Amino acid sequence: MGKIAVYPGSFDPVTNGHCDLVQRGLRLFDKVIVAIASNGTKNPLFTIEERLEMLKETFKEMPGVEMDCFDGLLVNYVVKRGADAILRGLRAVSDFEYEFQMALMNRKLNKKVQTVFLMTGLRWIFISSSIIKEAAQFGGDTSGMVPDIVCEKLKEKFGASRP
Ligand code: PNS
């Protein structure tokens, strides 16, 4: 069996930064499971079902990618899926403290589960789901920063872009 990575997150919504990370993750792993944590973001904009639908559309032509959601501890999910590692992206210095804390806690919870970090592509270094939602909320055009399906769904949520 090939190497499997779990790429966990809130994906509220998926951005081009996430897509870039999945693509590069596939150079290291045979399969990347993009897993939505149902207890991730506190007040999500999109339901789990909506997020799953957007992920499915985004990765529909990438056979090595699987979508799922999980409850509870990430390390337990990783073991349940028989995965070899957790995959996470690192943008800039600001991500480091949170990611370091989470990786160490996950290792404390299960020392067999490794976390692999990939640097986010330079093009996407300023993009996060939160900043995308903020821009979209006030009528900003998010095309080119998120998959087309996400752009459409954001417009549905917030109404068409204002001039
Ligand atoms: O996209 P996010 O919000 O940065 O992702 C955070 C996520 C979902 C990876 C993290 O909150 C998580 O793993 N949640 C599941 C509960 C868990 O195992 N937490 C880490 C150890 S306490």
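Before moving on, here are some points about what is shown:
- Per residue, segment 22-163 exposes an accessible area of 62 Å² to a 1.4 Å probe, with every protein chain left in place.
- Karplus-based coupling profile of segment 117-130, in residue order and whole Hz: 9, 10, 6, 4, x, 3, 4, 10, 4, 9, 9, 9, 4, 5, with θ = phi - 60° in 6.51 cos²θ - 1.76 cosθ + 1.60 and x standing for Gly or Pro.
- Integer Hz, Karplus 6.51/-1.76/1.60 couplings in order for segment 99-108, x for Gly and Pro: 5, 5, 4, 5, 5, 5, 5, 4, 5, 5
- In order along segment 49-64, phi translates into HN-Hα couplings of 4, 5, 5, 5, 4, 5, 5, 4, 5, 4, 9, 4, 9, 10, x, x Hz, rounded to whole numbers, per the Karplus curve 6.51 cos²θ - 1.76 cosθ + 1.60 with θ = phi - 60° and x for Gly and Pro.
- Under the Debye formula (equal points on every Cα, no solvent term), log10 I(q)/I(0) of the chain at q = 0.08, 0.21 Å⁻¹: -0.23, -1.53
- Taking all protein chains together and a 1.4 Å probe, the residues K112, K60 rank K112, K60 from largest to smallest accessible area.
- Amide H to amide H, with H built 1.01 Å from N, M119 comes under 5 Å of L90, counting only residues 5 or more places away or on other chains.
- Amide N proximity, segment 72-103 versus M1 label position 7 Å along Cα-to-Cβ, cut-off under 19 Å: 74-87
- Taking the protein heavy atoms of the chain in the context of the full set of protein chains, the accessible area attributed to carbon and sulfur is 54 percent at 1.4 Å.
- Residue with peak Gaussian network fluctuation, the chain [Cα springs, cutoff 10 Å], from V79, V150, V22: V79
- Nonlocal amide H pairs with V146, under 5 Å, H built at 1.01 Å: N16
- Lys pairs, the chain - Cα-Cα below 16 angstrom, 8 or more residues apart or on other chains: 13
- Using a probe of 1.4 Å, the accessible surface attributed to R107 totals some 120 Å² when neighbouring protein chains are kept in position.
- The chain - mean residue ellipticity at 222 nm from DSSP helices (-39,500 (n - 2.57) per run, n ≥ 4, rounded to 500): -12000 deg cm²/dmol
- Contour minus Cα-Cα distance for L26 and M119 (0.36 nm per residue): 32.1 nm
- Highest-fluctuation residue, Q101, Q114, Q137 considered, GNM on the chain with Cα pairs under 10 Å: Q101
- The stretch between N43 and E152, if pulled fully straight at 0.36 nm per residue, gains 37.2 nm over its current Cα-Cα span.
The values are calculated or read from the model by the stated rules, or taken from the named source; none is laboratory data. Remember, it's a predicted structure, so these values are computed and weren't measured experimentally. Backbone-built Cβ (ideal geometry, glycine too); neighbour counts: all protein chains shown. Ligands, DNA and RNA are stripped out before the accessible areas are found, and what is left, the full protein with its side chains, is counted by its heavy atoms. Shrake-Rupley method; radii C 1.70, N 1.55, O 1.52, S 1.80 Å.
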